[in-house]
1. Please report M1, M8, M77, M29 as a ranked list, fewest other C-beta atoms within 10 angstrom at the top and most at the bottom.
2. Within a Cβ distance under 13 Å of D51, other residues only, what is the Lys/Arg minus Asp/Glu net charge?
3. Can you give me the distance in nm between label points at E18 and M1, each placed 7 Å from the Cα along the Cα-to-Cβ direction?
4. Under 5 Å between amide H atoms, partner at least 5 residues away or on a different chain: which partners does K15 have, H built in plane at 1.01 Å?
5. Net charge within 10 Å of S36 by Cβ-Cβ distance, Lys/Arg positive one each and Asp/Glu negative one each, not counting S36 itself?
6. What does the charge add up to near Y98, with Lys and Arg as +1, Asp and Glu as -1, over the other residues with Cβ less than 14 Å from its Cβ?
7. Say the dipole of segment 1-90 comes from +1 at the beta carbon of Lys and Arg and -1 at that of Asp and Glu; which of M78, T35, I19 then lies farthest toward its positive end?
8. Sequence-distant or interchain residues sharing an amide H contact under 5 Å with M110, placed H: which?
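Bear in mind these aren't lab numbers, they're just calculated from the coordinates by the rules spelled out. Since this is a predicted model, take the numbers as computed values, not measurements. Cβ placement follows ideal geometry from the backbone for every residue including glycine, while neighbour counts extend to all protein chains displayed.
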Amino acid sequence: MASLNKVMLIGRLGKDPEIVSFENGNKKMSVTLATSESYRDRNGEWVEQTDWHNLVNWGNIALDIAEKRRNYIKGDMMYVEGRIKTRQYVDAQNVTRYITEIVVDKMMSMGTNRPQVNPNQQNTSYNAYQQPTVSSQQPTANYQQPPLPEMPNPDYDGDDLPF
């Protein structure tokens, strides 16, 4: 029977991506991603639980991020696709340690709290299989765009991140 190992996450970067270069020319990207969920406890109080995920990649995605890593910084909202990988090693005290990581196949920015320098700049996606871009067209003269629905304005301060 076949199996499936697929992860899709949306969360905020916990730190700027770190790029490590090896002597053979390979690069490794590593970064943490925070995902949160809120629920009400027995007393009716809202509780937020944050999970931290270790993201890694070697090869093309790491190379792309190494060249453009200033685009991704701590606090940025990201969409990530990948697979779960657990590895082990023996530390200096001869204890076997296990590390569970998300091996990134696709990583895409979903927004940032930083002011955008160029308003025409699009989100950057790193994916071995790039989607074709769709050109935007101006609406015709007699077309009116319907009004956008009112969105609640949460008491969210961009500096008030859990990391």
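1. Details: M1 2, M8 9, M77 15, M29 24.
So the residues, fewest neighbours to most, are M1, M8, M77, M29.
2. Working: positive: R12; negative: E37, E48.
In short, -1.
3. Label-label distance for E18 and M1, simple model: 3.9 nm.
4. Those qualifying (amide H under 5 Å, at least 5 residues apart or on another chain) are T32, G75.
5. Values: positive: R12; negative: E37, E48, D51.
Net charge around S36: -2.
6. Numbers: positive: K85, R87, R97; negative: D91, E101.
Combined, the nearby Lys, Arg, Asp and Glu give +1.
7. Most positive-ward Cα: I19.
8. M77, M78, Y79
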